[in-house]
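Presented below is the structure to which this report refers.
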Amino acid sequence: MVSRIIPVAPFDLVIFGATGDLAQRKILPALFRRFCAGQIPDGTRIIGCARSELSDAQFRALLNTALSEAQDEPRPDDRDLVAFLQIISYVPLDAVGETGWAALCDYLAGSSGDRVRVFYFSVGPGLFGPLAERLHSYDLTTEATRIVVEKPFGHDLASARDLNRTLASHFDESQIYRIDHYLGKETVQNLMAVRFGNMLFEPLWNSQYVDHIQITVAETVGVAGREDYYERSGAMRDMMQNHLMQLLCLIAMEPPAKFDPDAVRDEKLKVIRALDPVEPYHIVRGQYACPPGQVGDDLTYRETVKNQRSSTESYIAFKAHISNWRWAGTPFYLRTGKRLKARSSVINVLFKDAPHSIFGEEAGRHANHLKIRLQPNEGITLSVTIKEPGPGGMRLMDVPLDMSFAEALGSNGGDRADAYERLIMDVVRGNQTLFMRGDEVEAAWGWTDPIIAGWQARGDVPKPYESGSTGPGDADLLMRRDQREWRGINP
């Protein structure tokens, strides 16, 4: 398969926090891969900014090391690497002070007003406001300016509103790109292609035919290295309010009138506003502990955050309902957690049984199952019912129609750009389809806040679960009460 590279005009990209982990591990390697693919044209400039006093040569040496050691990446071609480093510059800069801003102005001076200028805020949310204010006060913004802000976008509804107001005082909503890297995954975008590009599924995509839907994002890693942030946030704020909420919106939304940024985001917003409040008995919170007898580096959550009385969840599962005509009565089960059995992000759509089986009880009961794998081994599996081979009578069995991107589209999956590659280039092109709008973020917090306030008022304590398991036992009980079971965490 030949991939199609969409050309862009030369642009300027300024990365604030360029020496940080996100920039070195994700953003700059993503830009390098787009450079190697021929999508970053001559004349493009990439400027790293951070407080560290580094020269251009020192920053390039730091980036050289990061690109050479990038996880799961082969050693980059020396010629490509040398050429990429030549478009990289560095400006020491203080986001909350005045140091470096005049130098950045000098560097960007002279470029035409229609040249795309992207400012990537790869910093903590506390710096979003000061950066926006200084960009404005130093007259660094143009009509072609775009800013990219990373999650967490607020800690609750009040802080999200404050951030939105601050950014809106300096930028138009069309210039603000709130990035959620989950939305850049190939399979996430395929949710819309599967739903709205196939007559096979859309007529069945409702409560009449779908029994229930499960969304699972499981991680094997703990919170080491993110202790302070995670202890303040927990799984609900870190994952559920944004990543899983976005997946829920894409799987449940109505067909937009066209594949247009605001049309898509309008439909996602309707899903969030149609979500019912979650009952306390439909929520399970957990906190990982060591396997029995295990010691050493495999610490419990409380040992990792150095708080033996921590009530922060590293796992959460709940049952949600969407009150609209399409989904009334169909439950959605969402779960995410750290230190689980396997790394897995998957959406399971379980269809209802056939209303009447003509084959008798011996044939068994069977239902179709659509499994959308986001990671690892991105792909889609549809389980269909066939006759079991052999002369043993009419016995039914389920078989998968399996499409792995790597197998179906070649080893590179048709040059499958990773999430950051796709999203950064969407920013340059001015396509906001895969980015969250301000009202969407506020609606998500408006639904999330009462859930958090409820368990805080009740004094709920997360249930301990073993590291390397599928989560707390109460999460299985949540499903068994409805005569269902979880699917999706496999080693």
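The values are calculated or read from the model by the stated rules, or taken from the named source; none is laboratory data. In this text, all values refer to a predicted model and were calculated from it rather than measured experimentally. As a convention, Cβ positions derive from the backbone with ideal geometry for all residues, glycine included, and neighbour counts pool all protein chains shown. Protein only, heavy atoms only, side chains kept; ligands, DNA and RNA dropped before computing areas. Shrake-Rupley method; radii C 1.70, N 1.55, O 1.52, S 1.80 Å.
Worth a mention:
- Net charge of neighbours whose Cβ lies under 14 Å from the Cβ of Asn206, counting Lys and Arg as +1 and Asp and Glu as -1: 0
- The equivalent ellipsoid that matches the C-alpha gyration tensor of segment 258-349 spans semi-axes of 35, 16, 13 angstrom, in descending order.
- For the chain, the residue among His136, Trp205, Ser159 whose Cα projects farthest onto the positive side of the dipole built from Cβ charges is Trp205.
- Descending semi-axes in Å of segment 1-126, equivalent ellipsoid built from Cα gyration tensor: 24, 19, 13
- Magnitude of the charge dipole, segment 54-182, Cβ model with Lys/Arg +1 and Asp/Glu -1, debye to 20: 140 debye
- The mean accessible area for residues of the chain, using a 1.4 Å probe and ignoring ligands and nucleic acids, is 45 Å² per residue.
- Expressed as a fraction of 2.2 N^0.38 Å, the value expected for a compact globular protein of N residues, the C-alpha radius of gyration of the chain is 1.04.
- Rolling a 1.4 angstrom probe over segment 193-270 with all protein chains present gives an accessible area of which 55% lies on carbon and sulfur atoms.
- Phi angles of segment 264-270 translate, via the Karplus equation with coefficients 6.51, -1.76, 1.60 and θ = phi - 60°, into HN-Hα couplings of 5, 6, 4, 5, 5, 4, 4 Hz per residue; Gly and Pro are given as x.
- Net charge contributed by nearby residues that have their C-beta within less than 13 Å of Val96 (K/R +1, D/E -1): -1
- Amide H contacts for Glu388 (H built 1.01 Å from N in the peptide plane; partners 5 or more residues away or on another chain; cut-off under 5 Å): Arg395, Leu396, Met397.
- Relative contact order computed over segment 1-61 (Cα-Cα under 8 Å; 6+ residues apart), in percent: 49 percent
- Compactness index (Cα Rg / 2.2 N^0.38 Å), segment 299-371: 1.73
- Residue-count net charge about Asp482 - beta-carbon cut-off 11 Å; Lys, Arg +1, Asp, Glu -1: +2
- Ratio of Rg to Rh over segment 138-189 (Cα coordinates, Kirkwood Rh, two decimals): 1.04
- Whole-percent pair-distance distribution, where bins are 5 Å wide, for the alpha carbons of segment 124-224: 2, 9, 14, 15, 13, 11, 12, 11, 7, 3, 1, 0
- In segment 2-53, inverting the average of 1/r over every pair of distinct C-alpha atoms gives 12.1 Å as the Kirkwood radius.
- Average projection, convex hull of the Cα set of segment 26-65: 3.3 square nanometres.
- Coordinate range of the alpha-carbon atoms in segment 251-295 per principal axis, descending: 57, 25, 12 Å.
- Once you reduce segment 135-162 and segment 253-287 to the center of their Cα atoms, the two points are 24 Å from each other.
- Alpha-carbon geometry of segment 181-331: the Rg and the Dmax are 18.5, 57 Å, given in that order.
- Adding -39500 (n - 2.57) for every DSSP H run of four residues or longer, then dividing by how many residues the chain holds, sets the calculated 222 nm ellipticity at -9000 deg cm²/dmol.
- Per principal axis, descending, Cα span of segment 437-491 in whole Å: 37, 29, 26
- Order by protection proxy (mean Cβ within 10 Å, highest first), peptides 101-110, 132-141, 277-286: 277-286, 132-141, 101-110
- Cα-centred dipole magnitude for the chain, charges only on beta-carbon of K, R (+1) and D, E (-1), debye, nearest 20: 780 debye
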